[in-house]
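A.B. asks: So that we are looking at the same thing, I have put the structure below in structure tokens.
No value in this document is a laboratory result; all are computed from the given coordinates. Quick caveat, the model's predicted, so the values are computed rather than measured. FYI the Cβ positions are ideal-geometry reconstructions off the backbone, even for glycines, and counts take in every protein chain you see.
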Amino acid sequence: MLSEKTKLYIDLKGEEECILRNCLEQYFFRMQKGKKRDTKNTIILSVTKNNKKHKISPERYTLSVTPQTVLIQATSGAGLFYGIQTLCQLAQPLANGFSIASTEIEDEPRFAYRGFMLDVSRHFFSKEFVKKQIDALAFYKINRLHLHLTDAAGWRVEIKKYPLLTDFAAWRTEGKWKKWWNGDRKYLYFNDPKAAGGYYTQDDIREIVDYAREHYITVIPEIEMPAHSEEVLAAYPQLSCVGEPYKNADFCIGNEETFEFLEGVLTEIMELFPSEYIHIGGDEAGKAAWKECPKCLRRMKEEQLTNVDELQSYLIHRIELFLNAHGRKLLGWDEILQGGLAPNATVMSWRGEQGGISAVQSGHQAIMTPGKYCYFDAYQDAPHTQPEAIGGYLPLKKVYDYNPIPDSLSAKQANLIRGVQANLWTEYVSEPSHVEYMIYPRLLALAEVAWSQPERKSWNDFYQRALQAVDNLKSRGYHPFDLKKEIGSRPEATHPISHLALDKKVIYHAPYHNAYPAKGDITLTDGIRGDWTYTDGAWQGFISPKRLDITIDMETEMNIQTITADFMQVTGAEIYLPASVVISISSDGNIFTELMRKDYEVDLQQPIRLKTIKWKGSASARYIRYQACATKQHRGWIFTDEIIVQ
Ligand code: ACM
């Protein structure tokens with residue numbers, strides 16, 4: 001039993017003693033100072049020597065709870081801190097204190113890097129809000145907070161040498177990203193009455209970094225280069241290839257001033273952030289302007305670079321030298337592999353796992369954050385029940401089941417996977433409570449992926465704990481997704497369907513698109529229907545003007561009563577429900593008669609929805625032709641998963 005009479009002894013001096021005492025006292029209550037030899041009603045935090053031969057993780061701890069004492073041992077303050085988090089998680093509140101069941105725990109993390117990324121560019125979030133999330137991250141033993149500080153949508157950190165970054169590039173014409181992105185995409189001076197945005201002052205950053213350190217969290221800043229930099233190039237257009245604002249998204253790599261700028265920014269960033277890693281972005285460069293730019297072409301000639309991938313790689317190498325010279329390491333999205341990876345760089349693998357695999361195969365370190373498992377901007381439940389998200393479907397269980405070490409890696413390569421990270425991009429997330437809704441409880445699943453060995457994981461056990469954690473988070477003022485109301489997978493996707501056209505040959509009069517083949521020619525008659533996302537390998541995609549136009553060969557003439565197909569609309573991805581459907585039948589494959597011809601009103605206000613289109617009647621046929629078109633104005637995609645004949 002912990003009560004106000006419980007004493008606390010900490011075997012550390014100075015700041016760490018304060019940090020650990022505060023941490024316990026904030027969760028429980030004030031405690032008197034105890035002594036090392038106290039044996040009754042005492043919590044003892046004890047630092048043990050590290051083994052010189054078999055170095056153990058500084059984050060490892062043991063926790064022993066008996067009726068008389070709580071003893072936490074570790075080789076560092078971090079280990080003691082994680083022992084405290086476990087103690088807090090085990091404590092059951094009572095009227096006059098807390099009870100903790102007797103236990104003996106030995107625990108250590110699977111990965112040294114356990115990360116979460118927050119995009120504060122698309123929408124800006126206050127330092128108080130960031131600190132509130134740090135409390136929760138630490139409670140679940142996440143130890144890296146990656147801040148996506150710069151992007152087209154706004155620059156979010158004060159840089160004394162370049163004041164326009166925060167006087168201008170941090171402010172835009174619309175508060176909501178979607179309205180701004182679909183509108184003029186312009187920036188405003190901070191003192192314009194219409195200016196929407198914000199940034200962290202250098203004092204704010206120091207406050208966040210200090211607060212994180214007191215929670216054993218390292219804050220990693222991301223400064224985007226060479227792309228995602230429209231806001232910088234609007235403020236300092238001389239750094240772009242064209243030299244005018246609102247023309248380019250990529251820095252001009254031929255211009256020495258670009259390097260002066262980037263190094264000037266990074267110098268102040270390194271003063272503010274003591275992290276080992278500095279994240280330099282590196283993703284999604286368009287590269288087109290470089291091909292036409294005399295300065296970039298001259299650079300390529302002088303440096304004997306044969307293509308624009310190598311030009312990008314030139315920039316990354318140079319920035320890496322600069323960071324390394326200041327004792328820091330370069331971290332970047334997996335596109336930094338293009339044109340040759342810089343010698344000491346660490347790769348953050350987001351477009352799947354291949355970037356991470358390639359990196360460790362060449363002896364580099366990698367952090368896994370593949371979109372399919374780690375992008376928390378996807379829907380966490382049936383999309384029609386959720387606030388608009390960017391698309392996709394990433395329920396809690398899918399996060400939980402992720403294993404950041406691909407099977408194909410050797411033990412040595414696996415050791416180069418430093419860890420795993422979840423990312424929240426905020427294009428569709430403007431409110432602080434919505435951020436929390438998107439990250440909790442999925443971040444708890446990621447935290448367990450990052451901390452626990454796979455053989456110690458159990459979905460059923462985790463799920464029960466997650467239900468409780470949601471209540472616990474709510475009682476502490478967070479706004480998690482209400483897990484107990486989860487609808488889960490699309491019911492049709494959970495079991496195969498048998499029907500008359502099952503496994504029958506499909507003739508494509510117009511091809512499916514090679515980016516969305518699903519399972520190829522068998523997809524529409526394989527009995528497998530898709531889940532809430534069109535990228536799950538069960539939905540097949542067709543792009544206008546080619547549209548969906550297929551014939552199913554039933555092999556023999558048969559009686560048919562229904563023909564049913566489901567279509568998906570995701571307006572953000574330009575996928576629309578059909579505006580017209582024609583179904584025809586034939587006995588010989590030559591002469592077809594129409595069973596149905598129908599036009600539909602397509603409601604473009606619905607960002608995501610599914611629709612079943614069904615013909616019902618009585619007919620006899622061997623061949624069934626199915627045609628579906630998008631609207632004339634909105635050409636876009638058509639997606640379906642199965643043509644069901646009964
Ligand atoms: C990214 O999602 N562009 C890293």
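A.B. asks: If you take every DSSP beta bridge whose two residues both sit in the range 83-186, what share of them, in percent to the nearest 5, is antiparallel?
C.D. replies: Just about 40 percent of them are antiparallel.
A.B. asks: If one puts a single equal scatterer on every Cα of the range 119-188 and applies the Debye formula without solvent, what log₁₀ I(q)/I(0) results at q = 0.16, 0.17 Å⁻¹?
C.D. replies: Normalising to I(0) and taking log10 leaves -0.64, -0.70.
A.B. asks: Let me ask you something else. How about the range 514-569: which trypsin sites (Lys or Arg not before Pro) there are in a DSSP loop, with at most 12 other Cβ atoms within 10 Å of their Cβ?
C.D. replies: Here the sparse-neighbourhood loop sites are 519.
A.B. asks: Report the one residue of 111, 543, 433 whose Cα lies farthest in the direction of the positive end of the charge dipole of the chain (charges on C-beta: Lys and Arg +1, Asp and Glu -1; origin at the Cα centre).
C.D. replies: 111
A.B. asks: Can you put 187, 162 in order, fewest other beta carbons within 10 Å first?
C.D. replies: Sorted ascending by nearby Cβ count, the order is 162, 187.
A.B. asks: Hey, another quick one. What is the antiparallel percent of DSSP beta bridges lying wholly in the chain, to the nearest 5?
C.D. replies: Bridges in the chain are about 55 percent antiparallel.
A.B. asks: Which lysines have a Cα less than 24 Å from the Cα of residue 127, not counting those fewer than 8 places away in the same chain?
C.D. replies: 141, 160, 161, 176, 178, 194, 474
A.B. asks: Taking a label point 7 Å from the Cα of residue 88 along the Cα→Cβ vector, which residues of the range 116-160 have an amide N closer than 14 Å to it?
C.D. replies: 131-143
A.B. asks: Taking R0 as 56 Å, what FRET efficiency do you get between residue 519 and residue 474 from their Cβ-Cβ distance, rounded to the nearest 0.05?
C.D. replies: 0.85
A.B. asks: Roughly what would the spin-label model give for residue 190 and residue 574, points 7 Å off Cα along C-beta, in nm?
C.D. replies: That separation, rounded to one decimal, is 3.8 nm.
A.B. asks: Hey, rough spin-label estimate for residue 499 and residue 271, points 7 angstrom out along Cα→Cβ, what's it come to in nanometres?
C.D. replies: 6.6 nm
A.B. asks: Let me ask something additional. Can you give the translational diffusion coefficient of the range 24-183 in µm²/s, computed by Stokes-Einstein from the Kirkwood radius over Cα pairs at 20 °C and 1.002 mPa s?
C.D. replies: Estimated diffusion coefficient is 112 µm²/s.
A.B. asks: Just the projected area, averaged over all directions, of the convex hull on the alpha carbon atoms of the range 136-279: how many nm²?
C.D. replies: 9.2 nm²
A.B. asks: Rank 297, 236, 330 by how far each Cα sits towards the positive end of the charge dipole of the range 202-331 (+1 on Lys, Arg Cβ; -1 on Asp, Glu Cβ) and give me just the farthest.
C.D. replies: Selected residue: 297.
A.B. asks: Please rank 489, 275, fewest neighbouring Cβ atoms within 10 Å first, as an exposure proxy.
C.D. replies: If I rank by nearby Cβ atoms, fewest first, I get 489, 275.
A.B. asks: Next question, about the same structure. Could you sort 566-575, 241-250 so that the peptide with the highest average Cβ count within 10 Å comes first and the rest follow in order?
C.D. replies: The peptides rank, most packed first, as 566-575, 241-250.
A.B. asks: Another question about this same structure. Name the GluC sites (Glu not before Pro) in the range 302-366 that are in a loop by DSSP and that have at most 16 other C-beta atoms within 10 Å, would you?
C.D. replies: Qualifying residues, ordered by number: 303.
A.B. asks: Something else about it: Report the equivalent ellipsoid semi-axes for the range 237-289 in whole Å, largest first, defined as the square roots of five times the eigenvalues of the gyration tensor built from alpha carbon atoms.
C.D. replies: 24, 13, 8
A.B. asks: Hull surface divided by four, with the convex hull built on the Cα atoms of the range 95-219: how many nm²?
C.D. replies: Taking a quarter of the hull surface, the average projection is 11.9 nm².
A.B. asks: Then there is this: Three principal axis extents, largest first, for the C-alpha atoms of the range 327-451, in Å?
C.D. replies: Extents along the principal axes: 45, 25, 25 Å.
A.B. asks: Mind pulling the per residue volume of the convex hull built on the Cα atoms of the chain? Å³ is fine.
C.D. replies: Expressed per residue, the convex hull around the Cα atoms of the chain is 190 Å³.
A.B. asks: While we're on this one: Where does the range 370-414 land on Rg/Rh, using Cα atoms and the Kirkwood Rh?
C.D. replies: Using Cα coordinates only, the ratio equals 1.15.
A.B. asks: Mind checking which lysines have their Cα closer than 16 Å to the Cα of residue 247? Skip sequence neighbours fewer than 8 apart in that chain.
C.D. replies: Answer for residue 247, where 16 Å is the Cα cut-off: 186, 287, 291, listed by chain and number.
A.B. asks: Counting residues in the range 246-393 as N, plug N into 2.2 N^0.38 Å and put the Cα Rg over that result.
C.D. replies: With N residues counted in the range 246-393, Rg over 2.2 N^0.38 Å equals 1.18.
A.B. asks: Take the residue pairs 49/412; 398/611; 397/505; 132/457 and return only those whose Cα atoms are more than 31 Å apart.
C.D. replies: 397/505
A.B. asks: So between residue 635 and residue 104, what do we pick up on full extension, going 0.36 nm a residue minus the alpha carbon distance?
C.D. replies: The span from residue 635 to residue 104 would gain 184.9 nm if fully extended.
A.B. asks: Continuing with the same structure: Let me know the volume per residue of the alpha-carbon convex hull for the range 292-377, in Å³.
C.D. replies: Looking at the range 292-377, the number lands at 124 Å³ per residue.
A.B. asks: Just from its helices, what would the mean residue ellipticity at 222 nm be for the chain, if runs of 4 or more DSSP H residues each count -39500 (n - 2.57) and the sum is divided by every residue, rounded to the nearest 500 deg cm²/dmol?
C.D. replies: -7500 deg cm²/dmol
A.B. asks: Now a separate question. Roughly what percent of Cα-Cα pairs across the range 198-328 reach past 22 Å?
C.D. replies: Every Cα pair in the range 198-328 considered, those over 22 Å come to 40 percent.
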